[in-house]
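Trainee: Have a look at this one before I ask anything.
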Amino acid sequence: MKIILSTAFLLLVFVTGVFSQKDTINQNKISVFIDCNFCDINHIKNEIPYVNYVRDRKDADVHIIITSQTTGAGGKEFAISFNGQRNFSKMTDTIKFVSLPNSSEEDIRDGQIRTIKFGLIRYIAKTPLANLFSVDYNHETTTEIVDKWDNWIYELNLGGWGHGEESYSNFSIWTNASANRITEDWKIEMSLSNRNSKSVYKLENSDYVNINKNRRFESLVVKSMGEHWSSGAQIELGSSTYNNMKLNYSANAAIEYNIFPYSESTTKQLRLLYLAGYTHNDYIDTTLYDKISENLIRQELNIAYKYITKWGSLEAGVSGGAYLHDFTKNNLNVNTEINLNLFRGLSINLNLNANLIHDQLSLPNLAATQEEVLLQQRQLATQYSYYTNFGISYSFGSIYNNVVNPRFGY
């Protein structure tokens, strides 16, 4: 009996020691909140298991914000911002990595994981958990990269889709071609697109057939003028049966000022863009203003604001334009997107887009048929349009969110 009791006591001491050590390790883990709306959070948890993941930013030692923007080559530049809180309140940093245009999803996920690991090391180094880590250095010889394409990226696309049932069918086909060159000093973008669609509605007495054709060429050239200024030119050429446009071409000059440096554009920007230029329109049908062709001078002002921080994000823009021959022919657009983390567990999001429209110069003089109105197959006269959505969410319970369980696909 003494032998059994002694053995049980030793086993209890051993098991208690193991769990005590595990509890100590868990207590020494830093708490992390990942703020990213496009990341594979489950993959991050699997690959970086030595931190505690929390559901609310206020419970975190480190609040990680991940944003991205497209590079000139067609890849992505990811900016991963580490914001220390609590004992690490003065420790902030941003690390970037760039994916290639042909990078796979796995390559991008690996790049995110590697960059997050780099950023977390400085925080873990200040905890007892640092004793369980080691640092290795793998040296690889690199050679200078010679780009035979001189930063030019070309892309061709061909696509289509179809949908139908007994009383309705719709088919569409499109082609796109683009050539882009983006460097620190220049941004050159050119695109050519063609889209044809056919809809057939089987009505009680007859079939209603609608065909839409849209063709568009766009070219943009922008010159960087330091961390705050840019200048550029824009050329557009196109036609659209939906917009009663047989031929439209325009040439515009523009200048932009960003109050914040362009290098900080992934987290904050306040841009003012002024654009002015010449437009020529040839219409398919005579317009409401008895025009079959006209030459116009137009100006436009855009103000765009973007700010991403620990409490959420705010994007807002105001743009307005008018024709110089008649300032009553104008439009005004306001758009706002707000995502706020108000306090623990409570968040709201709001999206609003509103337009005041007084410049529909291409509207045909012929009234739209009942079918065209109901099926929205032709541009209609309106003085405004809007779009909005709103959401609020609240969650409570355990602050931790470490476990990944993919069973049943949920």
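Just so it is clear, none of the values below were taken in a lab; they were calculated from the coordinates. It should be emphasised that the depicted structure is a prediction, and the values quoted were computed from it without experimental measurement. Virtual Cβ from ideal backbone geometry, glycine too; neighbours counted across all protein chains shown.
Trainee: Once the Cα atoms of helix 105-124 and of the chain are each reduced to a long axis, what angle between those two axes, in degrees from 0 to 90 to the nearest 10, is obtained?
Mentor: 50
Trainee: Show the residues, 5+ positions off or on another chain, whose built amide H is closer than 5 Å to the amide H of N330.
Mentor: Amide H neighbours of N330: H358, D359.
Trainee: Under a point-charge model restricted to the Cβ atoms of Lys and Arg (+1) and Asp and Glu (-1), what is the dipole moment magnitude of the chain relative to its Cα centre, in debye to the nearest 20?
Mentor: Taking the Cα centre of the chain as origin, the dipole is about 1520 debye.
Trainee: Still on this model: Calculated from DSSP H runs of 4 or more alone, at -39500 (n - 2.57) each and per residue, what is the 222 nm mean residue ellipticity of the chain, nearest 500?
Mentor: -4500 deg cm²/dmol
Trainee: Something else about it: Quick one: what are the phi-derived ³J(HN,Hα) couplings along region 338-346, Karplus 6.51/-1.76/1.60 with θ = phi - 60°, whole Hz, x for glycine and proline?
Mentor: Rounded to whole hertz, the list is 10, 10, 10, 9, 5, 7, 3, x, 10.
Trainee: Name the residue, out of A251, A79, A130, whose mean-square fluctuation peaks in a Gaussian network model built on the chain with Cα pairs under 10 Å.
Mentor: A130
Trainee: Further, regarding this structure: Quick one, which of (i) 1.14; (ii) 1.34; (iii) 1.43 is the actual Cα Rg over 2.2 N^0.38 Å calculated for this model?
Mentor: Checking each listed value against the structure points to (ii).
Trainee: For region 298-305, take each phi angle, set θ = phi - 60°, evaluate the Karplus expression 6.51 cos²θ - 1.76 cosθ + 1.60, and give the result in whole Hz per residue in order, putting x for glycine and proline.
Mentor: So the Karplus estimates, Gly and Pro as x, are 10, 10, 8, 10, 10, 10, 10, 10 Hz.
Trainee: Step through the residues of region 161-168 one at a time and calculate ³J(HN,Hα) from phi using the Karplus curve (6.51 cos²θ - 1.76 cosθ + 1.60, θ = phi - 60°), rounding each to whole Hz and writing x for Gly and Pro.
Mentor: Rounded to whole hertz, the list is 7, x, 8, x, 8, 4, 10, 7.
Trainee: Using C-alpha positions alone, give me the convex hull volume of region 27-134 per residue in cubic angstrom.
Mentor: Looking at region 27-134, the number lands at 102 Å³ per residue.
Trainee: In the chain, with Lys and Arg counted as +1 and Asp and Glu as -1 at Cβ, which of these residues, Y394, L356, S81, has the Cα nearest the positive end of the dipole, that is, farthest along it?
Mentor: Y394
Trainee: What list do you get for E227, E77 if you sort them by fewest beta carbons within 10 Å?
Mentor: E227, E77
Trainee: Between G320, G160, G119, where does the largest GNM mean-square fluctuation fall for the chain, given springs only between Cα atoms within less than 10 Å?
Mentor: Highest fluctuation among the options: G160.
Trainee: Give me the percent of Cα-Cα pairs in region 152-394 that sit more than 30 Å apart, rounded to a whole number. Let's see the in-between values first.
Mentor: Working: 12905 of 29403 pairs.
When all Cα pairs of region 152-394 are counted, 44 percent exceed 30 Å.
Trainee: So how tilted is helix 2-28 from the main axis of the chain? Cα-based, degrees 0 to 90, rounded to 10.
Mentor: Around 40 degrees separate the two axes.
Trainee: Whole angstrom only: what separates the Cα centroid of region 112-184 from the Cα centroid of region 30-104?
Mentor: Here the two parts' Cα centres lie 15 Å apart.
Trainee: Top mean-square fluctuation among A60, A276, A179, Gaussian network model of the chain, C-alpha springs under 10 Å?
Mentor: Answer for the Gaussian network model of the chain: A179.
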